[in-house]
Amino acid sequence: ATTLGASAAEKGRYFGAAIAAPKLGDTTYSAILKREFTSVTPENEMKWDATEPSRGTFNYTAGDRIVAQAQANGQKVRGHTLAWHSQMPAWAQALSGSALRSAMLNHVTQVATHYKGKIYAWDVVNEAFADDGRGSRRNSSLQQTGNDWIEAAFRAARAADPAAKLCYNDYSTDGVNAKSTAVYNMVADFKARGVPIDCVGFQSHLTNNAPSDYQANLQRFANLGVDVQITELDIAGSGQAAAYATVTRACLAVSRCTGITVWGIRDSDSWRTGTNPLLFDAGGAKKAAYTSVLDALNAG
Ligand code: G3I
């Protein structure tokens with residue numbers, strides 16, 4: 001096929017992009033979004049600070065706009081993210097212990113209930129493991145409410161929206177390493193104990209290449225009985241076109257890899273300012289990386 005989404009669909013996958021509500025009025029941006037992508041992730045609009053700016057006061061306006069647009073375009077929606085140590089509103093940052101635990105579980109329940117039936121997959125918990133090379137949990141205020149905070153969030157999300165796939169999402173987990181193995185062990189434990197989890201998100205913020213064991217890492221998680229999703233792909237550096245092909249082929253080679261999401265549409269939309277890590281340039285033109293992905297999707 002001639003678009004990312006259509007070519008991915010021919011292989012049973014979605015191809016998505018993170019989007020920003022303020023840019024939906026940009027005609028170039030919206031045209032690419034509608035033409036190329038079959039899934040969207042709100043880049044910021046469903047985070048805790050955006051949806052519950054003050055305790056018990058919920059604001060879904062921007063998230064609702066993105067969901068409505070996606071539904072009009074026949075696109076899936078990946079919800080991002082119900083429980084994350086970052087972008088917590090100030091009132092939640094001031095909480096700890098059982099007060100924070102109950103506020104977090106209420107947040108998960110309220111937001112997942114609001115979007116019930118409209119979310120293909122939720123990043124229920126984001127970035128709960130540390131970067132210490134030992135696979136430790138991140139020592140956040142959420143972690144300090146008790147080691148079981150992650151499973152509590154997953155149970156609350158399942159209760160609120162049984163139809164949504166529930167994902168654990170993280171970065172620097174793109175190869176076999178201490179951090180990805182800690183995530184792997186958590187997922188294995190959850191599956192063994194019947195804790196509801198359906199997928200693992202690999203953010204895949206890369207530079208120049210993917211780890212040589214990228215596909216093997218995805219496969220070992222799939223072998224646990226969960227879907228794997230590439231959730232925030234962007235690739236900086238001169239090797240980006242080849243690396244995008246490698247990542248695309250890895251997803252196609254792992255049957256439970258259900259789709260790829262790039263973290264933005266144009267280079268100018270990227271959080272990685274100045275590194276030009278996406279598939280379209282600032283003017284909305286297709287880059288070599290775009291062609292590399294399309295060719296990989298269409299191959300074989
Ligand atoms: O909306 C406000 C605006 O009103 C204000 O004028 C402006 C300046 O203060 O800030 C705007 O909010 C910013 C927001 O992006 C929207 O642009 C926040 O400051 C800024 O922190 C926020 O950054 C986002 C970041 O997550 C933190 O939430 C990035 O856009 C977003 O790409 C990035 O995405 C994360 C994923 O959620 C999780 N994985 C890592 C990834 C990259 O950091």
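The values are calculated or read from the model by the stated rules, or taken from the named source; none is laboratory data. Note that the coordinates shown come from a computational prediction; the quantities given were computed from them, not determined experimentally. Using ideal geometry, Cβ is built from the backbone for each residue, glycine included, and neighbour counts are taken over all protein chains shown. With ligands, DNA and RNA removed, areas are computed over all heavy atoms of the protein, side chains included. Shrake-Rupley method; radii C 1.70, N 1.55, O 1.52, S 1.80 Å.
Odds and ends about this structure:
- Among the residues of the stretch 43-68, those that are in contact with a strand residue (DSSP E or B) (Cβ under 6 Å, 6 or more places away or on another chain) and within 12 Å of the ligand (Cβ to nearest atom) comprise 43, 46.
Here's the yes/no breakdown for (1) among the polar types (S, T, N, Q); (2) buried (at least 17 other Cβ atoms within 10 Å of the Cβ); (3) in contact with a Cys (Cβ under 7 Å, 6 or more places away or on another chain); (4) not in a helix (DSSP H, G or I):
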| position | (1), (2), (3), (4) |
| --- | --- |
| 124 | no, yes, yes, yes |
| 134 | no, no, no, yes |
| 154 | no, yes, no, no |
| 187 | no, yes, no, no |
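- Residue that is farthest from the ligand (Cβ to nearest atom), among those in the stretch 237-266 that are open to solvent by 10 Å² or more (accessible area, probe 1.4 Å) and in a strand (DSSP E or B): 258
- Candidates in the stretch 267-300 are the residues that are assigned to a helix (DSSP H, G or I) and open to solvent by 40 Å² or more (accessible area, probe 1.4 Å); of these, the one that is nearest to the ligand (Cβ to nearest atom) is 268.
- Within the stretch 211-238, residues that are on the phi > 0 side of the Ramachandran plot sit with their Cβ atoms under 6 Å from residues that are outside any strand (DSSP E or B) and of a type in the set (S, T, N, Q), at 6+ positions apart or across chains, in these pairs: 237/208.
- Any pair with Cβ under 8 angstrom, 6 or more apart, that starts in the stretch 76-100 at a residue that is closer than 14 Å to residue 123 by Cα and ends at one that is of a type in the set (Lys, Arg): 77/118; 80/47; 81/47; 84/47; 85/138
- Test: residue in the stretch 47-55 that is surrounded by fewer than 17 Cβ atoms within 10 Å (Cβ to Cβ) and at positive phi: no
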